[in-house]
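Asks: Attaching a single structure in structure tokens format; questions to follow.
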Amino acid sequence: QVQLVESGGGLVQAGGSLRLSCAASGRTFSTLVMGWFRQAPGKEREFVAAISRNGGNTNYAESVKGRFTISRGNAKNTVYLQMNSLKPEDTAVYYCAASSDITITAARWGYWGQGTQVTVSS
């Protein structure tokens with residue numbers, strides 16, 4: 001099994017920045033594709049970003065491309081989401097996810113964290 005714990009959420013003004021962290025345990029971290037998802041009230045959970053096992057490849061939802069950056073530090077078993085130029089529309093619970101698949105574009109997300117709230121005020 002894999003355990004994921006998110007941190008770094010909070011309240012920020014529009015245009016500001018936050019960095020989310022997700023610490024993983026229970027599995028060799030370098031074998032996991034990692035991703036971030038978010039869910040706003042009354043909305044479906046949506047994909048935000050993903051990163052390959054050793055950080056060589058990333059992909060992003062179009063809504064966050066150019067503003068958010070996903071990265072990972074395998075020595076720390078942690079994946080990050082740097083969020084810049086935040087908008088009120090980014091307000092959501094952000095979830096860390098992990099996959100034992102190889103490719104990031106068709107990953108099956110079998111492991112999920114509990115989520116961390118991000119609120120962006122206007």
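Asks: Using a Gaussian network model on the chain with a 10 Å cutoff between Cα atoms, which of A50, A23, A98 fluctuates the most?
Replies: A23
Asks: Cβ under 14 Å from S100's Cβ, S100 left aside: what net charge do those residues give with Lys, Arg +1 and Asp, Glu -1?
Replies: +2
Asks: Longest exposed-loop-site-free stretch of the chain, with GluC sites (Glu not before Pro), DSSP loop and at most 11 other Cβ within 10 Å?
Replies: After excluding every exposed loop site, the longest remaining stretch is 63-122.
Asks: Follow-up question, since we're still on this one. Apply the Karplus parameterisation 6.51 cos²θ - 1.76 cosθ + 1.60, with θ equal to phi minus 60°, to every residue of region 84-94 and state each ³J(HN,Hα) to the nearest whole Hz, in sequence, with x for glycine and proline.
Replies: Working through the residues one at a time gives 10, 6, 5, 10, x, 5, 7, 4, 4, 8, 9 Hz.
Asks: Provide the net charge surrounding S85, with neighbours chosen by a C-beta distance below 15 Å and charges set as Lys +1, Arg +1, Asp -1, Glu -1. All intermediate terms of the calculation are to be shown ahead of the outcome.
Replies: On the way: positive: R19, K65, R67, K87; negative: E62, E89, D90.
Value of the local net charge: +1.
Asks: For the chain, what is the largest minus smallest coordinate of the Cα atoms on each principal axis, given in angstrom and ordered from greatest to least?
Replies: Cα spread of the chain along its principal axes, largest to smallest: 40, 28, 24 Å.
Asks: Using a 1.4 Å probe over the heavy atoms of the protein chains, calculate the carbon and sulfur portion of the accessible area of region 57-100 as a whole percent.
Replies: Details: 870 of 1910 Å².
It is 45 percent, rounded to a whole number.
Asks: Run the numbers on the chain and let me know its relative contact order in percent, using alpha-carbon pairs under 8 Å that are six or more apart. Spell out each step's value before the answer.
Replies: Details: 313 pairs, mean separation 43.1, N = 122.
Averaging sequence separation for qualifying contacts and normalising by length gives 35 percent for the chain.
The values are calculated or read from the model by the stated rules, or taken from the named source; none is laboratory data. This one's a predicted model, so the numbers in the text were calculated from it and none came from an experiment. For neighbour counting, all protein chains shown are included, and Cβ atoms are generated from backbone atoms with ideal geometry for every residue, glycine included. Ligands, DNA and RNA are stripped out before the accessible areas are found, and what is left, the full protein with its side chains, is counted by its heavy atoms. Shrake-Rupley method; radii C 1.70, N 1.55, O 1.52, S 1.80 Å.
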